[in-house]
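Visitor: Please see the structure below; I have some questions.
The values are calculated or read from the model by the stated rules, or taken from the named source; none is laboratory data. Remember, it's a predicted structure, so these values are computed and weren't measured experimentally. Note: ideal-geometry Cβ built from the backbone for every residue, glycine included; neighbour counts use all protein chains shown.
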Amino acid sequence: MGRATTRTLRACAAVAIAGALAWAATRPSPSTTAERLEPAASPAAALGPDAAPDDDDDDKPSFRLPSGAPAALGCADAKRVIVQVRQGLAYPPGRVRADALATSVADWLDPHGLWSAAPSTPVAAALERRATDLLRELESPRGDCPAARQVGDVLVRWVGDLRRQFRARRAASSPLTLEAALSDAIVDGDVASRAAPAFAALLGERVGAAERGLGAAAAPFVQAAEDRFFPDLDGEGWARAVLAATVRAYVPLVDPHGAWAPLDEEASVYEVDLDAHPPVELWEKIARTALGARIESGALAPLKNGDVVLSLGGVATAGLPLEQMDQLAIAVADAHGPSEAIVVRDGETSPRTLSLLVDDGESAGTAREDLPAEHVPYGDGQVDVIGIHEVRDDLGEQMTRAILHAHASATRVRGVVLDLRGNGGGSTDGAIAALGLFLPGATLFPMKRRDGSLETERAPEPAAAERWTGPVAALVDGNTASAAEMIAGALAAYKRGVLVGRPTYGKGCAQEYQDDDAHAGVLRLTTLLYALPDGAPVQRVGLAPAIRIPFAPLPGEDASGESEAKLADAPPTWRGPDVRDPDVLAQAENAGGTAWPAPAGGAIGPCRDADVCRAIHALAAPAKPVSRTAAAKGR
C-alpha cells in the first residue's frame, strides 16, 4: 500500500487496556489517539501522526470496503507485526502483563458482546488460562501458536451453541412488528451485564421478525447477520481471529499512543478529522440494530433520519463491528462515482434502493470555517483572541486568514492571543505551518529516534503580508497537549510569545502510520520523541506558563488532572539539543521579546470569557515570570 507516514501528536487519554474494564470502554476511540507523522521510509519526513508531508489529496489514505469477517492473522504474521512494533518504538518496550493482555484480547476479539466479553463465557476463562503462553508465543520469533488454537477450539463450541439458539428463536413466530424489529438498537447495549445466550435468542427474535416483515428481500441481510454474529469457523479459523485480537491488544500495552488495525478497519487508527479535506459524513449518529444500522441524526440526502441502512456500497451492514461500519461510510463517501444504499424507511415494508453520489460541497464537514476570533477592546485598539480547538493539517491556512483579518482591521490590533486551552493536539504539519507566521524560517523541534538519529523541522517563510510581527501570547491549560504544546512551546523558546494559564499535559512524542510487515493492516506507532527548539523536554514534563492563572475548566473539559506523566507505560522524558536559529532569536529579542504594550487609557474588555480578560490584564502588567520548563506543579 505504501502509506505515507504522517505524524500525529494528539494527546492520548489513557487508552492502555488493563484491568476489568467494560467492553465498550476498552475499545480505543480514534478521537483519543495520536496525531500524524511522515514516512518512516523517509526520516526527514517522519514527524508523527501530527505532521503530514503536504495537503495533496493523493497522500490521503483510501479505505477499502470492509468484508464483515473477523480480523484474522496467521501465527507467522502475528509474530512479524510484534517484531516490527518492538523494534520500531522510540524507546525500549516494557513488560506486558499477561492478565492485562487477556482482558484486552477478550474485548478486541468480541465486537458484539457474544463471544469473549459477555458474562460467563468460557472463552474469557480460556484466555486467562492461556494468556502467558499467548504472550510468550507472540514475542518469540519462532515456533507455532498452540495457545491460540486451544482458545479457538473453545470458541468453536461456544459460538456454535449460540448459533443454534439464534436459529431456533429466528424460526419461532413472534408478535413483533417490522418497525419494532428494526428499530431496537440492541447491538450497542451494555455487554458487561448481558448474558450471551439470551442475547443470541433476542437477535434471533428480531431477525426472524424482520425476515417475515420484509419477505424474500431480507434473505441476504439475514444471512449476513448470522455470518457476522455467529461465524461458522473451525478451530484454526478462530485461532487466527484470536491472534489478530492479541496483536491489537498488545500494541497499546507497550505503546499507549499506538494501535494496530486490520485493513478492514484501518480508518480507526487515522485521525481523519484532522485532514484539510476530511471525508464527507453520511450521517452524524447511527444505532446498530439486528439487521442493519438506523440513522439517528445528520443524514446526508437522499438518506433520511430514521432510515435503517441494510446495505451500503454493496456491503450488508448487519453485524458489522463499529470500526468496520465507520470505514464503510468513509469508503463510500470517498468513492469516485455513485454508490447504492438499500434502506427501509419509516412506515414502509419494502426496502428501497438509493443512489448516493457524494459531492464534497454537500457536507459542512468538508468546508473549513475560519478560526473563531473575539476582538477584545484594549485601550485605543483591540486584541484578537483566536480560538484553536484542535490542530488540523490546514491550520496554517486558517491562521493566515486570521492574521490577514487582523492586518485589515479598522481598529488597530495591539496583540494576538492564541487560545489553546483544551486543545489536545493534531497535525504536526499544521503546527509547523502556523508557527511560520510568527517565526518565519525558524528551526523548530529536534526529534529523536530509538537509534539516536535526530531530525529537525523548519518553519516555512510566508509572504511578509501574512506574518504577524506584533505581540503574541498563548493561553494553555492541563488539556493543552502535543501539537498544541509545540505551538506554545516554540513561541516561548524563541522568546516570541508569553504562555498564560496552567501547566500543560506533557506529550512530547510523535507517532507514525506504517503498513505492517505482514501486509495485513496498519500500525500507528510512537517512533519519535521531540523537544522544544531550545532543547527543553516536553514528554512527561509539559510547559510551565510564565504567567500562572488557574483557568476554570472549559465546558465539557476533562478536569481530572490527567497528564502524560500519569499514563502507564508512557514514553520517557527526553531533553534535546538547542537548535534555535540565532538570527530568528535575535530578531525576537530586538523587537522587544515577549513584551506587550500598556493599553492607552488602561481599558480592557469586556470579554465573553472572564478568564480571557484576566489573561489580557496579566499580559498588560505581567507578573514576575517563572521558568517555563520548571517541573509542572499544581496541575
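For (1) assigned to a strand (DSSP E or B); (2) more than 18 Å from L73 (Cβ to Cβ); (3) not assigned by TED's automatic domain parsing to the domain that holds G208, each residue gets a yes or a no:
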| position | (1), (2), (3) |
| --- | --- |
| A244 | no, no, no |
| Y250 | no, no, no |
| W260 | yes, no, yes |
| L282 | no, yes, yes |
| K304 | no, yes, yes |
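Visitor: Here is a follow-up. Taking into account only those residues within the range 398-428 that are assigned to a strand (DSSP E or B) and touching a helix residue (DSSP H, G or I) at 6+ places or on another chain (Cβ under 8 Å), which is surrounded by the most Cβ atoms within 10 Å (Cβ to Cβ)? Before the answer, list the steps.
Guide: So the first thing to find is which residues in the range 398-428 are assigned to a strand (DSSP E or B), and the list is 413-419, 426-427.
Okay, now just the ones that are also touching a helix residue (DSSP H, G or I) at 6+ places or on another chain (Cβ under 8 Å), so 413, 415-419, 426-427.
Working: V413: 20, G415: 25, V416: 23, V417: 26, L418: 27, D419: 28, G426: 32, S427: 36.
Selected residue: S427.
Visitor: Considering only residues that are part of a helix (DSSP H, G or I) and either outside the structural domain of Q223 (by TED's automatic domain parsing) or in contact with a Gly (Cβ under 9 Å, 6 or more places away or on another chain) (or both), which ones fall in the range 189-202?
Guide: V191, A192, A196, F199
Visitor: Any residue in the range 429-443 that is out of contact with any Phe, Trp or Tyr (no Cβ under 7 Å at 6 or more places or on another chain), within 14 Å of V385 (Cα to Cα) and crowded, with 24+ Cβ neighbours inside 10 Å? Reasoning before the result, please.
Guide: Step one: of the range 429-443, the residues out of contact with any Phe, Trp or Tyr (no Cβ under 7 Å at 6 or more places or on another chain) are 429-436, 440-441, 443.
The next check asks that each one be within 14 Å of V385 (Cα to Cα); those that pass are none.
No, because not a single residue in the range 429-443 is out of contact with any Phe, Trp or Tyr (no Cβ under 7 Å at 6 or more places or on another chain), within 14 Å of V385 (Cα to Cα) and crowded, with 24+ Cβ neighbours inside 10 Å.
Visitor: Just to be sure I understand the filter: pairs with C-beta atoms under 6 Å, separated by 6 or more residues or on different chains, first member in the range 209-226 and touching a residue at least 60 places away in the same chain (Cβ under 8 Å) and assigned by TED's automatic domain parsing to the domain that holds R167, second member part of a helix (DSSP H, G or I) and not hydrophobic (A, V, I, L, M, F, W, C). Which pairs pass?
Guide: Once the first residue is touching a residue at least 60 places away in the same chain (Cβ under 8 Å) and assigned by TED's automatic domain parsing to the domain that holds R167 and sits in the range 209-226, its partners that are part of a helix (DSSP H, G or I) and not hydrophobic (A, V, I, L, M, F, W, C) give A218/E211; V222/E211.
Visitor: If you don't mind, another one. Where in the range 436-536 are there strands (runs of 3 or more DSSP E), lying wholly inside it, with at least 1 residues that are farther than 18 Å from P577 by Cα and not assigned by TED's automatic domain parsing to the domain that holds L243?
Guide: 472-476, 498-501, 509-515, 521-530
Visitor: Can you tell which of E348, E340 is without any contact (Cβ under 8 Å) to a residue 12 or more places away in the chain and farther than 27 Å from L109 by Cβ?
Guide: It is E348.
Visitor: Tell me the residue from L525, L529, L554 that is touching a residue at least 12 places away in the same chain (Cβ under 8 Å), more than 22 Å from Y270 (Cα to Cα) and aliphatic (A, V, I, L, M), please.
Guide: L554
Visitor: Separate question: Out of the residues in the range 87-101 that are within 24 Å of the chain's Cα centre (by Cα) and part of a helix (DSSP H, G or I), state the one that is nearest to V242 (Cα to Cα).
Guide: L101
Residues checked against (1) in a helix (DSSP H, G or I); (2) farther than 14 Å from Y250 by Cα; (3) at pLDDT 95 or above:
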| position | (1), (2), (3) |
| --- | --- |
| L47 | no, yes, no |
| D54 | no, yes, no |
| A78 | yes, no, yes |
| V85 | yes, no, yes |
| P111 | no, yes, no |
| R149 | yes, yes, yes |
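Visitor: Now for a different question. Within the range 556-565, can one find any residue that is at pLDDT below 95, under 26 Å from V376 (Cα atoms) and part of a helix (DSSP H, G or I)?
Guide: No, that holds for no residue.
Visitor: While we're looking at this one, here's another question. Filter the range 549-593 down to the residues that are closer than 22 Å to Y494 by Cα and of a type in the set (D, E), then identify the one that is surrounded by the fewest Cβ atoms within 10 Å (Cβ to Cβ).
Guide: D583
Visitor: Among the residues of the range 549-562, is any in contact with a Cys (Cβ under 6 Å, 6 or more places away or on another chain) and closer than 26 Å to V85 by Cβ?
Guide: Checked against the condition, which is being in contact with a Cys (Cβ under 6 Å, 6 or more places away or on another chain) and closer than 26 Å to V85 by Cβ, the range 549-562 yields no hits at all.
Visitor: Kindly indicate whether any position in the range 91-114 is in contact with a helix residue (DSSP H, G or I) (Cβ under 7 Å, 6 or more places away or on another chain), surrounded by fewer than 20 Cβ atoms within 10 Å (Cβ to Cβ) and more than 30 Å from A570 (Cα to Cα).
Guide: There is no residue in the range 91-114 that is in contact with a helix residue (DSSP H, G or I) (Cβ under 7 Å, 6 or more places away or on another chain), surrounded by fewer than 20 Cβ atoms within 10 Å (Cβ to Cβ) and more than 30 Å from A570 (Cα to Cα).
Visitor: Oh, and also: How do the pairs read when you match residues in the range 432-457 that are among the β-branched types (V, I, T) with residues anywhere that are surrounded by fewer than 21 Cβ atoms within 10 Å (Cβ to Cβ) and assigned to a loop (DSSP other than H, G, I, E, B), using Cβ under 6 Å and keeping only pairs 6 or more apart or on different chains?
Guide: Taking only residues 6 or more apart or on different chains, the pairs are T443/V579; T443/D581; T456/V579.
Visitor: Could I ask something else about it? Hey, does the range 236-256 have a residue that's touching an Asp or Glu at 6+ places or on another chain (Cβ under 6 Å), within 19 Å of S311 (Cβ to Cβ) and surrounded by 23 or more Cβ atoms within 10 Å (Cβ to Cβ)?
Guide: So the first thing to find is which residues in the range 236-256 are touching an Asp or Glu at 6+ places or on another chain (Cβ under 6 Å), and the list is 256.
With within 19 Å of S311 (Cβ to Cβ) added as a condition, the list becomes none.
Within the range 236-256, not a single residue is touching an Asp or Glu at 6+ places or on another chain (Cβ under 6 Å), within 19 Å of S311 (Cβ to Cβ) and surrounded by 23 or more Cβ atoms within 10 Å (Cβ to Cβ).
Visitor: Report, by residue number, each residue of the range 578-631 that is basic (K, R) and at pLDDT below 80.
Guide: Step one: of the range 578-631, the residues basic (K, R) are 580, 608, 614, 624, 628.
Correct list: K624, R628.
Visitor: Can you tell me which of (1) at pLDDT below 95; (2) assigned to a helix (DSSP H, G or I); (3) under 19 Å from the mean Cα position of the chain (by Cα); (4) of a type outside the set (D, E, K, R) is the one G361 doesn't meet?
Guide: The failed condition is (3).
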